[in-house]
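Taking it in order: structure first as structure tokens, then the write-up.
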Amino acid sequence: MDCSAFEVLLSPLGQAALAAAEALSPAEEDFLAHFTRLQRQYPADLARAALETVLLRVKARAKFSRAGRMYFTREALEQASSETIAQYRAVRYAPFASVGDLASGLGGDAIGLSGRNETGTTTLVDADPLRLAMARANLEAYGRADRASFVCADLAAASPPSVEACWFDPARREAGRRAFSVRHYRPPLSIIKSWLDHTSALGVKISPGVDLAELAAYDCEAEFISAQGELKECALWFGPLKTAARRATLLPGPHTLLAEPEAVSRVSPPLAYLYEPDPAILRAGLVTTLAARLNACQLDPSIAYLTADTLTPTPFARAFVIDEALPFQLKRLRARLRALQVGTVTVKKRGSPLEPEALIHELKPSGPESRTVFLTRVSGKPYALIGRPS
């Protein structure tokens, strides 16, 4: 879809095509059949754009509460921040009257930023005129387009707008391939060094899998954010937006854990309970901080499973009752599961070379009970822990 096709999609004819496409309740696998049917009523380009939009709106429901009135491209939707995360992040920007959303894409971040306070303005900047036009329409779906202005510009060649604070979401894909280094983002992360001289209040969205060594040159807070137990992003906070060195945040909540330098690692054999920390805790390097809060120990200095004699409720980890802890031996593990009448096995692993699906096949479980088997190391030795959710 290009800008002219998008303009047609916004017209009364385009809205009628969207309604017709939605009435088909289309599925991806039946795209050709639906497209053939729609183009009997509408021009082929419009039929394709309408059908694609309806399909993407279905996918976008996981990210946006008003997805049914929004517009997307596939790649931009994949990169877009969810409404929940954008609203959480926007709280940091509440004190600022004017904020720039740099490389704004479809406007996912601007949805949060435009709602940060009652009077603030948001300036969206993007080099892609189609995404910028879609961002305007998406903000209209939330009734916030009047709080925003839209600038089509290439940040690699143009300066950011004159605002009090900025949010920057560089492209992390090119031709469908992920960029794993911040040097390969578009624009690269290094571009912010010149921006910080003018706007010190800056936040940046980067991949949560970033090599932390690449961030050593930046004086910032690194916040790893997960939603519903899935690691979503790393946000870098500069200047007055920086409030800590490292932070793990879990949504919904929010639940936040900060680094405690005094926390030290303690190691213990398996006790009554096992904790499986949220992935944001792992990436933020806060396992020992969480262990201190739970009065728990690690099973092995290099393994992120924690164990304790008593159960402490926490949003930062899943807790399991440990029924048995066995030095790993396939035959013995199979016998114990059969004795427990376990027919449904979930295998989790850290520090084990075994593949979960292959192990389940070898175990040949049978019975009415279900258990989780943790393949891990205990003080360097391979172990299997049999547990169940607490």
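The values are calculated or read from the model by the stated rules, or taken from the named source; none is laboratory data. For clarity, every value in this text was computed on a predicted model and none was experimentally measured. So basically every Cβ, Gly included, is an ideal-geometry build from the backbone, and we count neighbours across all protein chains shown.
So, L333, is that one crowded, with 20+ Cβ neighbours inside 10 Å and of a type in the set (A, V, I, L, M, F, W, C) or not?
Working: crowded, with 20+ Cβ neighbours inside 10 Å: yes; of a type in the set (A, V, I, L, M, F, W, C): yes.
Spelling it out, L333 is indeed crowded, with 20+ Cβ neighbours inside 10 Å and of a type in the set (A, V, I, L, M, F, W, C).
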L124, sole failed condition from (1) among the hydrophobic types (A, V, I, L, M, F, W, C); (2) not assigned by TED's automatic domain parsing to the domain that holds V204; (3) not in a helix (DSSP H, G or I): (2)
Test: R177 is surrounded by fewer than 24 Cβ atoms within 10 Å (Cβ to Cβ), under 18 Å from S82 (Cβ atoms) and without any contact (Cβ under 8 Å) to a residue 60 or more places away in the chain: no
Identity of the residue in segment 232-250, crowded, with 20+ Cβ neighbours inside 10 Å and either at pLDDT below 95 or aliphatic (A, V, I, L, M) (or both), that ends up nearest to D197 (Cα to Cα): L241
Filter result for T243 (touching a Gly at 6+ places or on another chain (Cβ under 8 Å), among the hydroxyl-bearing types (S, T, Y) and outside any strand (DSSP E or B)): no
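Give the residue, chosen from F180, F150, F96, that is modelled with pLDDT of 95 or more and assigned to a loop (DSSP other than H, G, I, E, B).
Values: F180 fails: modelled with pLDDT of 95 or more; F150 fails: assigned to a loop (DSSP other than H, G, I, E, B).
F96 is the lone residue from the list that is modelled with pLDDT of 95 or more and assigned to a loop (DSSP other than H, G, I, E, B).
When you check T73 against the structure, is it within 16 Å of G105 (Cβ to Cβ) and surrounded by fewer than 21 Cβ atoms within 10 Å (Cβ to Cβ), yes or no?
On the way: within 16 Å of G105 (Cβ to Cβ): yes; surrounded by fewer than 21 Cβ atoms within 10 Å (Cβ to Cβ): yes.
When the stated conditions are applied, T73 passes them.
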Single unsatisfied condition, W167 versus (1) crowded, with 24+ Cβ neighbours inside 10 Å; (2) assigned to a helix (DSSP H, G or I): (2)
Pair list, Cβ under 7 Å, 6 or more apart: segment 139-160 residue within 12 Å of V125 (Cα to Cα), other residue aromatic (F, W, Y) and assigned to a helix (DSSP H, G or I): P160/W195
Candidate set: segment 11-57, residues that are loosely packed, with under 14 Cβ neighbours inside 10 Å and polar (S, T, N, Q); chosen: the one nearest to L130 (Cα to Cα): S11
Condition met for T73 (over 22 Å from C234 (Cα atoms) and more than 22 Å from the chain's Cα centre (by Cα)): no
Subset of segment 205-223 that is within 17 Å of S181 (Cα to Cα) and not aliphatic (A, V, I, L, M) - its residue that is surrounded by the most Cβ atoms within 10 Å (Cβ to Cβ): K205
Residue match in segment 264-276 (condition: touching a Gly at 6+ places or on another chain (Cβ under 7 Å), within 15 Å of S390 (Cα to Cα), in contact (Cβ under 8 Å) with a residue 40 or more places away in the chain and buried (at least 19 other Cβ atoms within 10 Å of the Cβ)): yes
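From A153, A158, which residue is exposed (fewer than 15 other Cβ atoms within 10 Å of the Cβ) and among the aliphatic types (A, V, I, L, M)?
On the way: A153 fails: exposed (fewer than 15 other Cβ atoms within 10 Å of the Cβ).
Just a single option satisfies the conditions, and that option is A158.
Taking the residues in segment 197-208 that are under 23 Å from A259 (Cβ atoms) and touching a residue at least 40 places away in the same chain (Cβ under 8 Å) as candidates, determine which candidate is nearest to the chain's Cα centre (by Cα). Don't jump to the end; show me each part of the working.
Residues of segment 197-208 under 23 Å from A259 (Cβ atoms): 200-208.
Of the ones still in play, those that are also touching a residue at least 40 places away in the same chain (Cβ under 8 Å) are 200-201, 203, 205, 208.
Working: S200: 25, A201: 23, G203: 16, K205: 10, P208: 8 Å.
So the residue we want is P208.
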Filtered residues of segment 122-143 (kept if over 16 Å from L202 (Cα atoms) and hydroxyl-bearing (S, T, Y)): Y142
Where a residue in segment 334-347 is assigned by TED's automatic domain parsing to the domain that holds R371 and on the phi > 0 side of the Ramachandran plot and its partner, wherever it lies, is charged (D, E, K, R) and part of a strand (DSSP E or B), with Cβ under 7 Å and at least six apart: Q341/E369
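Let's see how each residue does on (1) buried (at least 20 other Cβ atoms within 10 Å of the Cβ); (2) more than 18 Å from the chain's Cα centre (by Cα); (3) in contact (Cβ under 8 Å) with a residue 12 or more places away in the chain; (4) in the same structural domain as V151 (by TED's automatic domain parsing):
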position	(1), (2), (3), (4)
S65	no, no, yes, no
Q87	no, no, yes, yes
A97	no, yes, yes, yes
L102	yes, yes, yes, yes
G108	yes, no, yes, yes
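Would you mention how many residues in segment 259-278 are within 23 Å of V204 (Cβ to Cβ) and at pLDDT 95 or above? Break it down stepwise before answering.
Here is the first cut: in segment 259-278, the residues within 23 Å of V204 (Cβ to Cβ) are 259, 278.
Narrowing the set further to residues that are at pLDDT 95 or above leaves 278.
Residues meeting the conditions: 1.
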Residues of segment 348-362 that turn out to be in contact with a strand residue (DSSP E or B) (Cβ under 6 Å, 6 or more places away or on another chain) and either in contact (Cβ under 8 Å) with a residue 60 or more places away in the chain or farther than 16 Å from P327 by Cβ (or both), as a count: 4
